Amino acid sequence: MRNAEFTDPRLVAVYDVECPWGRDDDFFLSMVGETPGVRVLDFGCGTGRLALGLAAAGHVVTGVDPARACLDAARAKPGAERVTWIEGGAEVLPVHAYDVAVMTSHVAQFLVTDGEWAGALGALRRALVDGGRLVFDSRDPADRRWERWNPVESRRRLRLPDGGEVEVWTDVTAVEGGLVHFSRHYRFPDRELRSDAVLRFRTEEELRGSLAAAGFRVQRIHGGWDGEPVGAGADGEFLVVAVAV
């Protein structure tokens with residue numbers, strides 16, 4: 001199934017265990033926190049980890065995601081009542097409703113085609129007030145992170161909240177241009193499940209061009225979670241901060 005870790009409740013539980021609060025969340029919380037008490041859109045909020053953290057920090061938060069299973073998990077967490085949860089994608093975003101929008105966990109890369117990406121950026125620009133900020137992450141293709149997504153380097157065993165265990169690994173199936181196709185395997189005691197996905201790796205030039213076309217001015221791009229320049233450090237990221245103009 002395509003992107004099953006977001007739509008299959010059993011795999012959503014694995015995703016939550018795999019993705020606890022980390023340096024990326026600290027980065028986004030810090031970026032949003034540059035202005036206290038803002039209206040924040042978490043676009044592609046998943047199971048709500050960052051949205052809940054932003055709400056706990058005093059921001060007014062809306063989490064939007066097309067995957068109902070993820071939103072169900074988010075709504076079941078402590079503090080979920082502080083966040084407005086909306087099922088959907090770019091089509092559900094209101095106009096001029098937010099001061100800051102974030103896309104985390106490489107949501108930008110799941111928008112594979114040029115049309116999907118341009119449509120999302122256009123909707124995000126309309127959803128932000130003039131001068132509002134868009135902050136997101138996208139992996140630097142020069143880092144070639146997908147070469148580490150193989151059954152040897154990616155394999156690990158996770159313990160789930162119910163006491164069960166699952167073995168997880170990733171296997172890249174094709175790399176063509178900026179597209180990386182891969183499968184995620186989940187071996188439970190009773191069965192094995194698989195989730196197929198495609199990610200788009202955009203260059204810095206592509207990101208800058210698409211943002212300008214959508215009405216954003218790039219304020220800065222970091223190469224790592226500690227604010228390193230692009231190409232420096234070990235994170236292999238583009239951490240983009242853009243302003244709606």
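The values are calculated or read from the model by the stated rules, or taken from the named source; none is laboratory data. This one's a predicted model, so the numbers in the text were calculated from it and none came from an experiment. Ideal geometry is used to build each Cβ from the backbone, glycine not excepted, and the neighbour counts take in all protein chains shown. Calculation scope for accessible area: heavy atoms of the full protein, side chains included, ligands and nucleic acids excluded. Shrake-Rupley method; radii C 1.70, N 1.55, O 1.52, S 1.80 Å.
Run down ALA56, ALA13 and say which single residue is in contact with a Leu (Cβ under 8 Å, 6 or more places away or on another chain), of a type in the set (A, V, I, L, M) and open to solvent by 20 Å² or more (accessible area, probe 1.4 Å). Unique residue meeting the criteria: ALA13. The listed residues are ARG191, ARG187, and the only one of them that is exposed (fewer than 14 other Cβ atoms within 10 Å of the Cβ) and over 23 Å from ALA232 (Cβ atoms) turns out to be ARG191. Does any residue of the range 78-87 turn out to be at positive phi and open to solvent by less than 10 Å² (accessible area, probe 1.4 Å)? Taking every residue of the range 78-87 in turn, none turns out to be at positive phi and open to solvent by less than 10 Å² (accessible area, probe 1.4 Å). Taking each residue of the range 216-227 that is part of a strand (DSSP E or B) and open to solvent by 70 Å² or more (accessible area, probe 1.4 Å) and looking for partners that are aliphatic (A, V, I, L, M) and modelled with pLDDT of 95 or more with beta-carbon atoms closer than 8 Å, six or more apart or interchain, yields ARG217/LEU211; ARG217/ALA242; ARG217/VAL243; ARG217/VAL245; GLN219/VAL241; GLN219/ALA242; GLN219/VAL243.
Considering only the range 27-46, state which residues are of a type in the set (Asp, Glu) and touching a residue at least 60 places away in the same chain (Cβ under 8 Å). ASP42 - this is the single residue of the range 27-46 that is of a type in the set (Asp, Glu) and touching a residue at least 60 places away in the same chain (Cβ under 8 Å).
The criterion of at least 2 residues that are under 30 Å from ALA120 (Cβ atoms) and at pLDDT 95 or above is met by the following strands (runs of 3 or more DSSP E) wholly inside the range 137-215: 165-176, 179-187, 192-200. Only residues that are of a type in the set (S, T, N, Q) and either loosely packed, with under 14 Cβ neighbours inside 10 Å or closer than 14 Å to ARG145 by Cα (or both) were counted across the range 168-184, and they come to 2.
When GLU116, GLU147 are screened for being more than 25 Å from GLY48 (Cα to Cα) and surrounded by fewer than 19 Cβ atoms within 10 Å (Cβ to Cβ), only GLU147 passes. Of the residues that sit in the range 229-245 and are more than 16 Å from the chain's Cα centre (by Cα) and either at pLDDT below 95 or under 11 Å from ASP140 (Cβ atoms) (or both), which one is surrounded by the fewest Cβ atoms within 10 Å (Cβ to Cβ)? For the range 229-245, the residue satisfying everything is ALA234. With the structure loaded, tell me whether ASP24 is open to solvent by 20 Å² or more (accessible area, probe 1.4 Å) and in contact (Cβ under 8 Å) with a residue 60 or more places away in the chain or whether it fails that test. Spelling it out, ASP24 is indeed open to solvent by 20 Å² or more (accessible area, probe 1.4 Å) and in contact (Cβ under 8 Å) with a residue 60 or more places away in the chain.
Going through ARG126, ARG133 one at a time, which residue ends up being surrounded by 14 or more Cβ atoms within 10 Å (Cβ to Cβ), more than 18 Å from the chain's Cα centre (by Cα) and within 24 Å of GLU34 (Cα to Cα)? None of the other options fit; the residue is ARG126.
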